[in-house]
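Participant: Have a look at this one before I ask anything.
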Amino acid sequence: MDNTKRRLLSEKVAKVFMHLSGITVTASLFFIVGTILYKGLPYLNWEMVSQLPKGGFYIGKEGGILNAILGSLYLAGVSTALSALIGIPISLYLNIYLGTQSRITQFSKLLFDVLYGVPSIVYGAVGFGIMVYLGIRASLLGGIITVTLLTIPIVVRTVDELIKTIPEDLKNVTLSLGTTRWELAKVMLRSVRTGLLTAVLLAFGRAIGDVAGVLLTTGFSDNLPKYIDEPAATLPLSIFFQLSSPIPEVQGRAYASALVLTIIILIIVVCTHILQSKQKNRR
């Protein structure tokens, strides 16, 4: 009887902690979003998202953050495309050609798990070292190199988890028909193609929100980069520089920039959930 009471008490305590954790996380989310809306929405207008910064923008005069919006999209788009072109073949090679029981595969997955958790500032330092070695100045190219390195582990591990959802019977039946491993890889990619888009969106979300890595490698410019070796502005850096200003007008624009970035991330999250639901319905 005493044992039963202890178990019931433990269950009640666990429920209380779970509810408190859920309330804390939800309240934190609403607080962050509410703060951004309250401080940034009054400064968000069409001029801000459609114009480049003009003279005196960072001391409260007119202009916008179009350079940062497009710079972020350029950087995140190219980096995500490169990480997908590199990461998907790596995951296929580890799971199909080497096999899940291979020591090389197991070690590689452990390595990518470690790289997944490495802070972005470390990638920025590595990218900066590569830039110095190659003679590349702070530019869009430098940022692309750094953010690509940052997002490759995301793509590899996400695709690896997608491959695990494929039934073993499908693999065995496909191989029993005399197909090559490359043909098996194409069959597996078709079966998880919706999930691949999810992996790409996750990588894009990480890329567009990174600030520590691009701080060392991308530089900053009030103009749109015409060439890949020119500095480029990004939304996270634009928020950082504006928020550092003592002028209230500029700080308000920083929160408006944060709101724009939040909207982009929200769109990515919604698309990811839609694609994940489609992937579950296909199983």
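The values are calculated or read from the model by the stated rules, or taken from the named source; none is laboratory data. These figures come from a predicted structure and were not determined experimentally. Cβ placement follows ideal geometry from the backbone for every residue including glycine, while neighbour counts extend to all protein chains displayed. These accessible areas exclude ligands, DNA and RNA; they are computed on the full protein's heavy atoms, side chains included. Shrake-Rupley method; radii C 1.70, N 1.55, O 1.52, S 1.80 Å.
Participant: Rounded to the nearest 0.05, what FRET efficiency do MET18 and GLN101 give with R0 = 45 Å and r taken as the Cβ-Cβ distance? Could you check?
Facilitator: In this case the efficiency is close to 0.75.
Participant: Within the chain, how many Lys pairs that are eight or more residues apart, or on different chains, come under 21 Å at the alpha-carbon?
Facilitator: Within the chain, the lysine pair count is 12.
Participant: How far is helix 120-134 tilted, in degrees, relative to the longest principal axis of the Cα atoms in the chain, given as a value from 0 to 90 rounded to the nearest 10?
Facilitator: 80 degrees
Participant: Follow-up question, since we're still on this one. I'd like the orientation of helix 248-282 relative to the chain: the angle between its Cα long axis and the longest Cα principal axis, in ° from 0 to 90, rounded to 10.
Facilitator: In the chain, helix 248-282 runs at an angle near 20 degrees to the longest axis.
Participant: Nearest 10 degrees is fine. How inclined is helix 66-92 to the longest principal axis of the chain, computing both from alpha carbons?
Facilitator: The angle comes out at about 20 degrees.
Participant: What is the percent carbon and sulfur in the accessible area of the chain, measuring with a 1.4 Å probe over the protein chains and ignoring ligands?
Facilitator: It is 68 percent, rounded to a whole number.
Participant: Most mobile of ILE136, ILE163, ILE23 per a Gaussian network model of the chain (Cα springs, under 10 Å)?
Facilitator: ILE23
Participant: Tabulate in residue order the Karplus-calculated ³J(HN,Hα) for segment 189-204, using 6.51 cos²θ - 1.76 cosθ + 1.60 with θ = phi - 60°, rounded to whole Hz; enter x for Gly and Pro.
Facilitator: 5, 5, 6, 10, 4, 5, x, 5, 5, 4, 4, 5, 5, 4, 5, 5
Participant: Hey, another quick one. In whole angstrom, note down how far apart the Cα centers of segment 235-273 and segment 117-173 are.
Facilitator: 24 Å
Participant: Spelling out what I want: for every residue of segment 175-184, take phi, set θ = phi - 60°, compute 6.51 cos²θ - 1.76 cosθ + 1.60 (Karplus), and round to whole Hz; glycine and proline get x.
Facilitator: 5, 5, 7, x, 6, 7, 5, 5, 5, 4
Participant: Also, quick follow-up: Of the peptides 32-40, 248-256, how do they stack up when ordered by the mean number of other Cβ atoms within 10 Å, highest first?
Facilitator: Those peptides, ordered most packed to least, come out 248-256, 32-40.
Participant: Okay, next question. Quick one: if you stick a label point 7 Å off each Cα along the C-beta vector at HIS273 and GLU62, how many nm between them?
Facilitator: Rounded to a tenth, the inter-label distance reads 4.0 nm.
Participant: Pop the C-beta distance of ILE263 and ARG181 into the FRET formula with R0 = 41 Å and round what comes out to the nearest 0.05.
Facilitator: 0.45
Participant: Which of the three applies to segment 1-142, rounded, prolate or oblate, going by the alpha-carbon gyration tensor with a ≥ b ≥ c and a/c under 1.5 meaning rounded?
Facilitator: Here segment 1-142 falls in the oblate category.
Participant: Which whole-angstrom value gives the distance between the alpha carbon centres of segment 79-94 and segment 1-32?
Facilitator: If you average the Cα positions of each part, the centres end up 41 Å apart.
Participant: Given the DSSP H assignment, sum -39500 (n - 2.57) over each helix run of at least 4 residues in the chain and divide by its residue total; what's the result at 222 nm in deg cm²/dmol, nearest 500?
Facilitator: Calculated mean residue ellipticity at 222 nm is -25500 deg cm²/dmol.
Participant: So, one more: How much area per residue is accessible in segment 175-239 when the probe is 1.4 Å and only protein heavy atoms are counted (Å²)?
Facilitator: I get 46 Å² per residue for this part.
Participant: Order the following by accessible area, largest value first: LEU85, LEU52, LEU9, LEU243. Probe radius 1.4 Å; ligands, DNA and RNA are ignored.
Facilitator: Final ranking, largest accessible area leading: LEU85, LEU9, LEU243, LEU52.
Participant: Can you sort LYS54, LYS164 by solvent-accessible area, 1.4 Å probe, largest first?
Facilitator: Ranked from most to least accessible, the order is LYS164, LYS54.
Participant: Follow-up. Gaussian network model of the chain, Cα springs within a sub-10 Å range: biggest mean-square fluctuation belongs to which of THR151, THR100, THR272?
Facilitator: Maximum fluctuation in the GNM of the chain, among the listed residues, is at THR100.
Participant: Same structure, new question: Using a 10 angstrom cutoff on alpha carbons, build the Gaussian network for the chain and name the most mobile of THR217, THR146, THR194.
Facilitator: THR194
Participant: For segment 124-283, calculate the relative contact order in percent as a whole number, restricting contacts to Cα pairs under 8 Å that are 6 or more residues apart.
Facilitator: Across segment 124-283, relative contact order equals 31 percent.
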